[in-house]
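Colleague: Here it is, the structure, as structure tokens.
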Amino acid sequence: MTALRVDVWSDIACPWCYVGKRRLEAALAKFPHEVLLTWHSFELDPTAPRQRAGNHVEYLATKYSLPPAQANMMIERMNRVGADEGIDFRFDRIRSGNTFDAHRLLHLAHEKGVQAVAKDRFMRGYFSEGVAIGDPDALVPLALDVGLAEADIRDVLATDRYAVDVRRDEHLAAELGITGVPFFVMAGRLGVSGAQAPDVLLGALERAREEVAAETPEGDACGPDGC
């Protein structure tokens, strides 16, 4: 049987997407079959400026019309969830902004076979290290860290390379009815919404594989009793 296809739509500036990535990795560690994993682009705020002014508490309070104390409670909860997954969320350092260029670099990383590593590096840079995710110059060292060539990185950032690919991902998400991320699609047929527990994701992987196997006819083969 060929590798099981797993497609994930997520944004870099999305804490639940970071948690979902870790939980998917935990599920895959228990899934004894080959997987072809692709990370697809999804912008939670396509209109975001390259860098948004103010701190994350102010941003949450404004976005959700919350008092600062309640916004802080949201952050404290996310910190606890992240710690359980080995993620060091540092919302006091976050410099939010537009993620379009970062998504374009993730398409370059996919082409070079290092997409999952790049996705993790960008998320760690944004959520733990205070990297301004919308600043092209700030993206260069992150992309270099995962082995991408500087000439390729700068070519992407200086042109519209992979812009069509990002938009294609987003249009496909709209066609599939995806309005929130992370969103996982197993074998092109089974959708799982949100940062579900590893066991839930593992169950979805197993179910998708069983369904694909049931629909795959057996070909001619040789066995112990001959051909």
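No lab work stands behind these numbers, since they all come straight from the coordinates. In this text, all values refer to a predicted model and were calculated from it rather than measured experimentally. So basically every Cβ, Gly included, is an ideal-geometry build from the backbone, and we count neighbours across all protein chains shown.
Colleague: Checking the a/c ratio against 1.5 first, then a/b against b/c, what shape does the Cα gyration tensor give for the range 53-152? Walk me through the numbers before you get to the answer.
Modeller: Numbers: a/c = 2.84, a/b = 1.89, b/c = 1.50.
In terms of gyration-tensor shape, prolate.
Colleague: Express as a percent, rounded to the nearest 5, the fraction of DSSP beta bridges in the range 4-215 (both residues included) that run antiparallel. Write down the numbers at each step before the final one.
Modeller: On the way: 8 of 15 bridges.
Antiparallel bridges: around 55 percent, rounded to the nearest 5.
Colleague: Against the longest alpha carbon principal axis of the chain, how many degrees, from 0 to 90 and to the nearest 10, is the axis of helix 15-29 turned?
Modeller: Between the helix axis and the principal axis of the chain, the angle is about 30 degrees.
Colleague: OK, next. Rounded to whole Hz and in sequence order, give me ³J(HN,Hα) for the range 55-71 from the Karplus expression 6.51 cos²θ - 1.76 cosθ + 1.60, θ = phi - 60°, writing x for Gly and Pro.
Modeller: Ordered by residue, 3J(HN,Hα) equals 8, 5, 4, 4, 5, 5, 4, 6, 4, 9, 6, 10, x, x, 4, 6, 5 Hz.
Colleague: Round to a whole angstrom and tell me the spacing of the C-alpha centers of the range 128-180 and the range 185-212.
Modeller: Comparing the Cα centres of the range 128-180 and the range 185-212, I get a distance of 26 Å.
Colleague: Under unit Cβ charges (Lys, Arg +1; Asp, Glu -1), what dipole magnitude, rounded to 20 debye, does the chain have relative to its Cα centre? Mind showing how you got there, number by number?
Modeller: Values: 25 positive and 35 negative charges, 158 e Å.
Around 760 debye, computed over the chain.
Colleague: Which is farthest toward the positive dipole end of the chain among Leu176, Ala69, Leu106, measuring Cα position about the Cα centre, with Cβ charges +1 (Lys, Arg) and -1 (Asp, Glu)?
Modeller: Ala69
Colleague: Evaluate the charge dipole of the range 52-111 about its Cα centre and quote only its size in Debye, nearest 20, assuming +1 on the Cβ of each Lys and Arg and -1 on the Cβ of each Asp and Glu. Don't skip to the end; give the middle numbers.
Modeller: Working: 8 positive and 8 negative charges, 43 e Å.
It comes to approximately 200 debye.
Colleague: So which GluC sites (Glu not before Pro) in the range 1-43 end up in coil per DSSP with only 16 or fewer other C-beta atoms within 10 Å?
Modeller: Here the sparse-neighbourhood loop sites are Glu34.
Colleague: I would also like to ask the following. Compute the angle between helix 115-128 and the longest alpha-carbon principal axis of the chain, please, reported from 0 to 90 degrees and rounded to the nearest 10.
Modeller: 30
Colleague: Separate question: Full extension from Ser65 to Asp160: what is 0.36 nm times the residue separation minus their Cα-Cα distance, to one decimal in nm? Let's see the in-between values first.
Modeller: Details: separation 95, 0.36 × 95 = 34.20 nm, distance 3.55 nm.
Difference between extended and current length: 30.7 nm.
Colleague: For the Cα atoms of the chain, what angle does the longest principal axis make with the long axis of helix 100-111, in degrees from 0 to 90, nearest 10?
Modeller: 30
Colleague: Here is a further query. How big, in percent, is the set of alpha carbon pairs in the chain lying more than 20 Å apart?
Modeller: Details: 16080 of 25651 pairs.
It works out to 63 percent of all Cα pairs.
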